[in-house]
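Since the structure comes first, as structure tokens, the remarks are kept for the end.
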Amino acid sequence: MNAKREPKILVLGIGNILWADEGFGVRALETFHALYRTPPDVSLLDGGTQGLYLVQFVQEADYLLVFDAIDYGLRPGALKIVQGDEVPKFTGAKKMSLHQTGFQEVLSAADLLGDYPEKLALIGCQPLDLEDWGGPLTAPVRDQLLTAADIAAVILEQWGAPCRRRARGEMVEPLLGNDMDMASYERLSPGLGE
């Protein structure tokens, strides 16, 4: 008798933390990791600006949840959640160079290779500033990090992968190394957003 395996779920944060609000995806993933403990079948990945290098990770995922800064033309900081076939229509707030591959191309490549996620969701945030090289997230975008993390937990629960909220003060292994976590990078106090 074959036991049914749990779907492999990938939670992916994409964007460039060096360009202000372009870093929303990575910072939202970092916030989610700090707030929630995930089941073993859920992996978290800082995709940064790796472009087509992410195709193999997308191919391996049965379900994919993505955080990203998306230019929806809404008020700055507005969150919009799209799922399934709607996702490829909304990707990448702005390409920073002609050589940066947008996430839409990553999804298209995975589809062409025959390994497209069965379930797909995108939590996008409308950026305010994408031009501040080395700057932090703007206030309207930073203010949505906790909400975005909570939305991700709801989606994962709907997908059969309930997350457990971490206890206040619980030690959490940093998701980003080399002092690239938001508190170190932006020189914020550890209590920001609580």
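Quick check on packing: order 59-65, 26-32, 126-132 by the mean number of other C-beta atoms within 10 Å, highest mean leading.
Ranked from most to least packed, the peptides come out as 26-32, 59-65, 126-132.
Work from the charge dipole of the range 12-162 (Cβ charges, +1 for Lys and Arg, -1 for Asp and Glu, about the Cα centre) and give the residue of THR147, PRO40, GLY114 farthest towards its positive end.
The Cα lying farthest towards the positive end belongs to THR147.
Fully extended, how many nm does the chain gain between VAL172 and TRP133 (0.36 nm per residue separation, minus their Cα-Cα distance)?
Difference between extended and current length: 11.2 nm.
None of the figures in this text is laboratory data; all of them are computed from the coordinates on show. What you see is a predicted model, and the numbers here were worked out from it, not measured in a lab. Glycine also receives a Cβ, built like all others from the backbone with ideal geometry; neighbour counts cover every protein chain displayed.
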